[in-house]
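Report on one structure; see the data block that follows.
The values are calculated or read from the model by the stated rules, or taken from the named source; none is laboratory data. These numbers come from a predicted model, not from an experiment. Because the Cβ atoms are built from the backbone with ideal geometry, glycine has one as well, and the counts that use them run over all protein chains shown. Areas reflect the complete protein model, heavy atoms only, side chains present, ligands, DNA and RNA absent. Shrake-Rupley method; radii C 1.70, N 1.55, O 1.52, S 1.80 Å.
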Amino acid sequence: MAQRFAPGTLLIDRYLIDSYHNAGGMQEVYRCHDISLDRPAVVKTPKDGVKDRRFRRGAEMGARVNHPNIAATYDYYEDEDVTFLVEEFVPGRDLGRRLSSDYYFLDPGLAAHVVHHIARALHEAHRAEICHRDLKPSNVMVSDDASLYTIKLTDFGIAKLAESAIATEMSEWKRDEATLTTSSTLLGAVPYMAPECWSDWKSAGQPMDIWALGCIAYQLLSGNLPFGGGAVAIANVVRAEAAGIVNLQKPATFGTHASTIKLESDIWALVLSCIALDPANRPSAKQVIEACDALCYSSSERMLGEIIEYGIPYDSGVKRKTGRIRNLVSKSADFFHGSEFYGSGIPKVGQKVSYSVYPGAPWDRCSPVLLLR
Amino acid sequence: MNGPAPTFELPSRYSVLDANLASGGFGSVAKLQDRFLDRAVLFKTIIDADHSDQLLREVRALSRLRSRHVVDIYDVIQDRNGQIAGMVIEYLTGRDYSSFHSEAAKNAYAYMRTLYQLAAAISDLHAAGIVHRDIKLENLKDSAAGILKLFDFGLSSPTGGYQTVNNRGTYVYAAPELFVKGATITPEMDVYAFGVCAWALAAPTWPTELCERPPQSSSKVCSISKALPQLPTEIANLIDLSLSVDPRERPPASDLATLLAKVLVRNSHRGNFIESNRSIYELSQQKTGVKLTIGNLGELRVAYDGLVFRVTAVSVGVYANNVQLAAGMVLHDSCVLTFGQPALGAQRQFVSFFSSHPEVVL
């Protein structure tokens with residue numbers, strides 16, 4: 001599809017387009033340079049490019065919330081030819097891309113960190129009486145470091161626009177299920193959509209964001225969507241609603257790591273509380289924050305490394321359950337125990353991992369060790 | 001607005017809500033409605049053209065910086081000659097701190113939380129190579145989300161080597177070395193102002209030593225613990241140090257933020273001892289001590305003091321990550337405890353220890 005702005009385009013004498021970034025369901029995203037303030041920023045424009053009251057309304061909603069976990073809305077412009085909003089540039093990629101390109105799943109500590117920060121953003125939005133309505137990993141910007149240090153919710157703007165597109169597609173879907181095609185806006189939202197959205201999209205409110213957060217938490221912990229994708233997800237949610245119970249399988253790795261047994265059971269309880277069928281039974285964003293505050297997880301810095309040794313046999317021939325990781329930057333080699341490895345199967349030499357490290361002898365000790373793609 | 005007629009026009013997207021929200025010094029602040037984004041913003045302009053460099057410095061500092069504790073900048077307005085005439089910044093609707101001192105005694109936590117946010121702001125500035133030069137209570141305000149933000153960067157300068165021309169800045173907040181003619185601006189001066197803010201947040205009046213020119217000429221100011229006896233000693237010490245007459249004795253802003261963050265999460269840690277896939281013991285504010293005895297392999301006592309999990313007594317042959325433990329050592333966030341000397345091989349017992357690492361939630 002043709003991109004609306006070529007690199008080098010200068011918008012309203014102020015925003016110089018650097019590069020096309022990507023396109024979501026409803027919009028094109030560009031990286032730009034704000035000449036007036038001499039800083040990087042992000043330009044978003046509706047795909048059809050036209051002046052759109054809903055796009056503007058969404059920008060206004062974004063502008064009403066100012067929080068460290070929400071990408072700031074800087075500017076909005078429209079005339080007969082162009083419509084765009086300008087947002088804080090968050091170095092990094094969206095969580096959806098990080099998940100598909102870097103991770104299989106997150107260890108419970110890292111997942112808790114991500115959920116905690118998204119919950120703070122939701123709480124602030126809900127406090128301002130704004131419901132996101134399109135919460136999904138691709139609407140969460142995360143920094144490119146191994147600790148996922150910066151987490152910012154974005155696209156309140158597009159959510160408003162997506163909302164009416166979703167409403168339209170939803171009524172079409174009810175008429176004919178074949179309308180749920182890969183190009184539809186609805187498709188990206190479906191895996192995170194609460195059951196009440198299907199019965200009454202317009203009146204679904206803040207609890208739908210909490211449901212979506214629960215789904216994201218599940219996805220982080222297991223690497224899978226809780227109800228699957230596309231039409232399967234719809235069918236599964238409908239089935240759960242009919243049965244009056246959500247039957248979610250615990251992530252496969254749960255129960256296999258001694259050190260995170262307690263964290264797993266605590267965070268699992270939180271996930272289930274968010275994915276409650278009755279919206280009235282879900283916690284508020286504030287309650288989710290409080291539950292996260294009580295989770296026992298470490299937010300120590302994560303580093304990138306490569307497994308360079310694992311399972312060297314003892315003299316008896318029995319293989320050790322330990323190995324070594326070489327830091328990709330410092331090149332130092334640290335020790336790890338197989339029980340701290342979050343991946344499928346046993347660790348293998350050459351695997352890329354992220355890890356925290358703690359003092360030990362004769363080598364420092366890595367924990368947890370998370371397998372990367 | 002006051003003063004001569006402005007030499008610029010406000011773009012039509014803005015309508016004036018309050019033409020003169022504040023004025024003073026060389027400029028004025030108006031409250032505007034941004035019709036494009038349907039939100040209130042502030043417009044800050046310089047009336048006296050001789051001080052337009054001040055505005056330019058502020059625009060540069062705010063554009064360069066991304067800190068959750070510094071006000072957001074949205075737009076600059078140019079005059080007919082293309083010079084910067086004013087800037088549009090975030091309108092803060094939360095509380096101010098002018099009368100905070102009346103709450104401080106009742107709520108030491110809120111007091112430290114405020115200081116933590118101020119220290120984090122200064123630390124972010126200094127990391128970006130900016131000295132604020134005018135940190136004072138009047139320049140702190142909360143956003144609607146209750147996050148403290150620092151504003152008024154009119155005097156800010158790049159760190160290092162910058163000479164003061166005319167000693168601008170507010171006197172009581174000015175560090176003693178600023179009273180020397182031609183003083184060089186340093187980050188330590190912001191740290192001194194942090195210490196003065198700590199006093200302004202704690203007490204209705206200044207200790208007389210701080211009001212001398214130069215400050216503390218007659219003697220060093222008394223400890224902040226005199227105003228707030230309930231303050232933890234390590235925090236009081238740090239505030240006192242930030243007011244050192246010798247700038248080299250003042251702690252860096254990042255140290256201030258780190259220690260305040262630590263104290264703010266005091267008593268909210270949890271420490272778990274896990275053996276064979278189950279938690280065998282949890283330490284917290286409710287249960288602060290444990291004695292772990294594993295057969296005749298060894299004995300370990302650990303106590304939670306509100307900040308760390310510390311070994312209080314241990315027998316020979318008990319290791320953390322393979323290091324023999326000794327009384328006084330602190331257990332890491334994550335470590336493996338081994339009971340039994342290496343020669344015992346498979347007869348040794350292993351217990352994992354994990355502690356939470358709570359963050360300050362604002």
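Cβ-Cβ distances below 8 Å connect the following pairs, each with a first residue in region B:177-193 that is assigned to a strand (DSSP E or B), a second residue that is charged (D, E, K, R) and surrounded by 17 or more Cβ atoms within 10 Å (Cβ to Cβ), and a separation of six or more residues or different chains: B:Ile185/B:Arg133. If I ask for residues that are at pLDDT below 70 and either under 19 Å from A:Ala71 (Cβ atoms) or of a type outside the set (Ser, Thr, Tyr) (or both), which ones from region A:136-164 would you list? Answer for region A:136-164, where residues must be at pLDDT below 70 and either under 19 Å from A:Ala71 (Cβ atoms) or of a type outside the set (Ser, Thr, Tyr) (or both): A:Gly157, A:Ile158, A:Ala159, A:Lys160, A:Leu161, A:Ala162, A:Glu163. Would region A:121-134 turn up any residue that is within 12 Å of the chain's Cα centre (by Cα), at pLDDT 95 or above and outside any loop (DSSP other than H, G, I, E, B)? Within region A:121-134, none of the residues are within 12 Å of the chain's Cα centre (by Cα), at pLDDT 95 or above and outside any loop (DSSP other than H, G, I, E, B).
The single condition among (1) over 30 Å from B:Val361 (Cβ atoms); (2) touching a Phe, Trp or Tyr at 6+ places or on another chain (Cβ under 7 Å) that A:Arg302 does not satisfy is (1).
Taking B:Leu259 as the residue in question, decide whether it is closer than 30 Å to A:Ala112 by Cα, open to solvent by 40 Å² or more (accessible area, probe 1.4 Å) and more than 14 Å from chain A (Cβ to nearest Cβ). Against the criterion (closer than 30 Å to A:Ala112 by Cα, open to solvent by 40 Å² or more (accessible area, probe 1.4 Å) and more than 14 Å from chain A (Cβ to nearest Cβ)), B:Leu259 qualifies. Being open to solvent by less than 20 Å² (accessible area, probe 1.4 Å) and among the small types (Gly, Ala, Ser) is the filter here, so list the residues in region A:196-221 that pass it. Matches in region A:196-221: A:Ala204, A:Ala212, A:Gly214, A:Ala217. The set of residues in region A:260-269 being open to solvent by less than 20 Å² (accessible area, probe 1.4 Å) and either over 9 Å from A:Leu295 (Cα atoms) or over 18 Å from the mean Cα position of the chain (by Cα) (or both) consists of A:Thr260, A:Leu263, A:Glu264. Among helices (runs of 4 or more DSSP H) entirely within region B:39-156, having at least 3 residues that are within 29 Å of B:Phe8 (Cα to Cα) singles out B:52-64. Against the numbered list (1) open to solvent by less than 60 Å² (accessible area, probe 1.4 Å); (2) closer than 16 Å to B:Leu150 by Cβ, B:Arg68 comes up short only at (1). In region B:23-63, the qualifying residues are those that are of a type in the set (A, V, I, L, M) and open to solvent by 50 Å² or more (accessible area, probe 1.4 Å), and the one that is modelled with the highest pLDDT is B:Leu56. A count restricted to region A:316-373 and to residues that are small (Gly, Ala, Ser) and crowded, with 18+ Cβ neighbours inside 10 Å stands at 7. The sole residue among A:Ala333, A:Ala361 that is within 20 Å of B:Val330 (Cβ to Cβ) and aliphatic (A, V, I, L, M) is A:Ala361. Filtering region B:217-240 to residues that are under 19 Å from B:Val191 (Cβ atoms), assigned to a loop (DSSP other than H, G, I, E, B) and open to solvent by 70 Å² or more (accessible area, probe 1.4 Å) leaves only B:Lys220. One residue stands out in region B:305-344 among those that are free of Cβ contacts under 8 Å to residues at least 12 places away in the same chain and either buried (at least 17 other Cβ atoms within 10 Å of the Cβ) or not in a strand (DSSP E or B) (or both): the one that is farthest from the other protein chains (Cβ to nearest Cβ), namely B:Ala343. Within 11 Å of another protein chain (Cβ to nearest Cβ), in contact (Cβ under 8 Å) with a residue 12 or more places away in the chain and out of contact with any strand residue (DSSP E or B) (no Cβ under 6 Å at 6 or more places or on another chain), is that true of B:Arg80? Considered against the rule, which asks whether it is within 11 Å of another protein chain (Cβ to nearest Cβ), in contact (Cβ under 8 Å) with a residue 12 or more places away in the chain and out of contact with any strand residue (DSSP E or B) (no Cβ under 6 Å at 6 or more places or on another chain), B:Arg80 comes out as no. Is it fair to say A:Glu306 is open to solvent by 10 Å² or more (accessible area, probe 1.4 Å), over 24 Å from A:Tyr192 (Cβ atoms), among the charged types (D, E, K, R) and more than 11 Å from chain B (Cβ to nearest Cβ)? Yes; evaluated as a whole, the condition is true for this residue. When region A:347-369 is filtered for residues that are modelled with pLDDT under 95 and β-branched (Val, Ile, Thr), only A:Val357 remains. Residue under question is A:Ile289, and the condition is that it be open to solvent by less than 70 Å² (accessible area, probe 1.4 Å), within 14 Å of chain B (Cβ to nearest Cβ), under 20 Å from the mean Cα position of the chain (by Cα) and β-branched (Val, Ile, Thr); does it hold? So A:Ile289 passes the test. Every condition in (1) within 14 Å of chain B (Cβ to nearest Cβ); (2) in a helix (DSSP H, G or I); (3) under 25 Å from A:Tyr342 (Cα atoms) is met by A:Thr256 except one, and the failing one is (2).
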